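One structure below.
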Amino acid sequence: MTRSTRTRLMTLSLYAVFLAIVIAFVLVANWEAIRSNFFLTEGFTGNWRDMVFVGVKNTILYTLVSFIGGFVLAVFLVLMKLAPIAPFRWLATGYIELFRGLPALVVIIFMALGVPIAFDWRPPGGTVGAGLVALMLVAGAYMAETLRAGIEAVPKGQAEAARSLGMNAPWTMASIVMPQALRIVIPPLTNELVILLKDTSLLFVVGLAANQKELTTLARDFMSSGPSAGTATTLMFAALLYLAITLPLTRLVAYLESKQKRSR
Amino acid sequence: MTELNPHQELDRRAPAIEVRDLHKSFGDNEVLTGIDFHVNSGQVVCVIGPSGSGKSTLLRCVNRLEEPTSGQIFVEGIDITDPDTELDRVRSRIGMVFQQFNLFGHMTVLRNLTIAQQRAKKRGRTEAVAIARENLAKVGLEDKEGAYPAHLSGGQQQRVAIARALSMNPDMMLFDEPTSALDPELVGDVLDVMRKLAHEGMTMMVVTHEMGFAREVGDKLVFMDGGVIVEEGDPTEVLTNPQHRRTQAFLSKVL
């Protein structure tokens, strides 16, 4: 047997295995159960208004609020990390290590339930507000690390040139280093946005009022009420809606990354 | 104009740059071991030497991009090693040109030339733009003001960098191997600009490997090796009749 026929046979058998798996799946799968549990038409037609105008709206709102809050926090953290005073650096490092090491869910429960009990304090905006603060705290820690990497990726000569022209340290940071660092971190920050969007589903645990419900909470509710009660149709609906938002974003990240690679 | 530190009057009669017993270490590595050195106003001083001899470190100490370990550096009579010195003000009087150009990549050529004028010199935009255009014309790149650095050749980038430094109206210019990162055919344009500056009477300190430039334009040549100044004097004299063995060895390799 020649080398080329052997390669061809190998390729052919891999296709055969793939085909066998697909056929087995199609034969074994209980299509009726899948349809009636995940794709009940009434679940889509009856719930879409709430799912989109309450669920998607709140999910996006929560994502943006915690992203912007987290970003502002991250800028402060990274400036602290670069501060000439050591205790500031320790504080920032400690913060970042702590919140990157904890599960987001634990932080959310802490802020929404633990802290109010301990300090007899009602978080602004109720438990949602507390949950959002928790997401900000976590996102800020991750974004601070991303920003730091971006700042370090700006060549040292840039800051040296600015300083040699007599620009002071704050101006050098604000108009020379930061703008270039931000360009570098746009792709990883967009990734951060996608992760945060998925993490808003964790707010499910804090107890949300009807008009505050995000996509996951709403989908869970509609599994036991409404036209598709008793099925997981709305869960599938929510999954598709999440993908409709996250897939374009991840494609955008891939595009931005390839563009950056080309421009170097 | 705000007051200078009263103890540190700007003195135009003092040497432009005066270095006294300068030491600089990076950790255990002593790069400069007692440098005494001066550049008079209007002089062009070229510094040569093998790599690792400390010549770039010396240059970078003059505007305190490197922190001296000990010793004093006076720029126009002002001790820049004094912690009370307003370093940003002194720096804006010293233009610096880097081997790697270090143009701001996110800004157009024109913005590269105006940003520090506006931020550090507090000039208005109209004035800054006028000065920037004047200096771009001087380096022969008036048609490139809208370009981004990445779209320019190395030689053009370096000339923009020179124009950027000139836009601060410095009293002196420091050049850190300005042509070492350039393709050979682009070196000439940059040296032409530097020659023109020298003829206008600009005070210049140039770390370089361009012996021809040093001989033709330089008023003084300094040879450094192992963190000390081994020999200094008239460029033609030093290049053709070096007194010290280390200078002879170095020149026999590069000439």
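Chains A and B: buried accessible surface, both sides, probe 1.4 Å, rounded to 100 Å²? If you can, show how the numbers build up before the last one.
Working: alone 15680 and 11700 Å², together 25690 Å².
Interface between A and B: roughly 1700 Å².
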Inset, instruction - Along each of the three principal axes of the Cα atoms of segment B:191-251, give the extent in whole Å, ordering the values from largest to smallest. - result: 35, 23, 16
Inset, instruction - Bin all alpha-carbon pair distances of segment B:91-159 at 5 Å intervals from 0 and give each bin's fraction as a whole percent. - result: 3, 17, 27, 29, 18, 5, 0
Legend entry - Protein-only accessible surface order, largest first, of A:R251, B:R215 at 1.4 Å: A:R251, B:R215
Legend entry - Dipole in debye (nearest 20) - the protein assembly as shown, about Cα centre, beta carbon charges: Lys, Arg +1; Asp, Glu -1: 2080
Inset, instruction - Under 15 Å Cα to Cα from B:K122, which aspartates and glutamates show up? Leave out anything in the same chain fewer than 8 places away. - result: B:D88
Inset, instruction - Using a Gaussian network model of chain A whose springs link C-alpha atoms within less than 10 Å, name the residue from A:N47, A:N168, A:N58 with the highest mean-square fluctuation. - result: A:N168
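As a test of the formula, what do you get for the protein assembly as shown when each DSSP H run with n ≥ 4 contributes -39,500 (n - 2.57) and the sum is divided by the residue count, at 222 nm and rounded to the nearest 500 deg cm²/dmol? Can you show the working numbers first?
Working: 21 runs with 283 residues, N = 519.
Computed ellipticity for the protein assembly as shown at 222 nm equals -17500 deg cm²/dmol.
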Inset, instruction - Report Rg(Cα)/(2.2 N^0.38 Å) for segment A:57-102, keeping two decimals. - result: 1.40
Inset, instruction - Return the inverse of the average 1/r over all pairs of distinct C-alpha atoms in segment B:143-214, which is the Kirkwood hydrodynamic radius, in Å to one decimal. - result: 12.8
Legend entry - Within straight-line cross-link reach of A:K259, lysines at Cα separation under 27 Å, skipping those fewer than 8 residues along the same chain: A:K156, A:K198, B:K144
Inset, instruction - Work out how far the C-alpha atoms of segment A:1-87 reach from end to end along every principal axis, then list the three figures in whole Å, largest first. - result: 72, 51, 18
Inset, instruction - Select from segment A:164-178 all residues whose loss of accessible area on going from the chain by itself to the full protein assembly reaches 30 Å² or more (probe 1.4 Å). - result: A:S164, A:L165, A:G166, A:M167, A:W171, A:S175, A:I176
Legend entry - Å² of accessible area per residue within the protein assembly as shown, as computed with a 1.4 Å probe and no ligands counted: 49
Legend entry - Scattering profile of chain A at q = 0.16, 0.17 Å⁻¹ [log10 I(q)/I(0), Debye over alpha-carbon scatterers]: -1.18, -1.25
Legend entry - chain B: relative contact order as a whole-number percent, Cα under 8 Å and 6+ apart: 25
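With viscosity set to 1.002 mPa s and temperature to 20 °C, compute the Stokes-Einstein D of segment B:68-223, Rh being the Kirkwood radius across alpha carbon pairs; µm²/s, no decimals.
On the way: Rh = 16.3 Å.
Approximately 132 µm²/s, per Stokes-Einstein.
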Inset, instruction - Round to the nearest 10 and give me the degree value, 0 to 90, for the angle of helix A:178-199's Cα axis relative to the longest principal axis of chain A. - result: 40
Inset, instruction - Quick one: net charge around B:E67, please, counting Lys, Arg +1 and Asp, Glu -1 for every other residue with C-beta under 11 Å from its C-beta. - result: +2
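Of all the C-alpha pairs in the protein assembly as shown, what % are more than 38 Å from each other? If you can, show how the numbers build up before the last one.
Working: 66577 of 134421 pairs.
Percentage above 38 Å: 50.
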Inset, instruction - Could you look at the protein assembly as shown and say what percent of its accessible area is carbon and sulfur, using a 1.4 Å probe and all protein chains? - result: 60
Legend entry - Interface residues in segment B:95-110 - accessible area drops by 20 Å² or more relative to the isolated chain, probe 1.4 Å: B:F98, B:N102, B:F104, B:H106
Legend entry - Residues of type lysines that B:K24 reaches as a straight line, Cα spacing below 19 Å, ignoring anything fewer than 8 places off in the same chain: B:K55
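The values are calculated or read from the model by the stated rules, or taken from the named source; none is laboratory data. None of these values were measured; they are calculated from a predicted model. Every residue, glycine as well, gets a Cβ built from its backbone with ideal geometry; the counts of neighbours run over all protein chains shown. Ligands, DNA and RNA are excluded from the accessible area calculation, which covers all protein heavy atoms including side chains. Shrake-Rupley method; radii C 1.70, N 1.55, O 1.52, S 1.80 Å.
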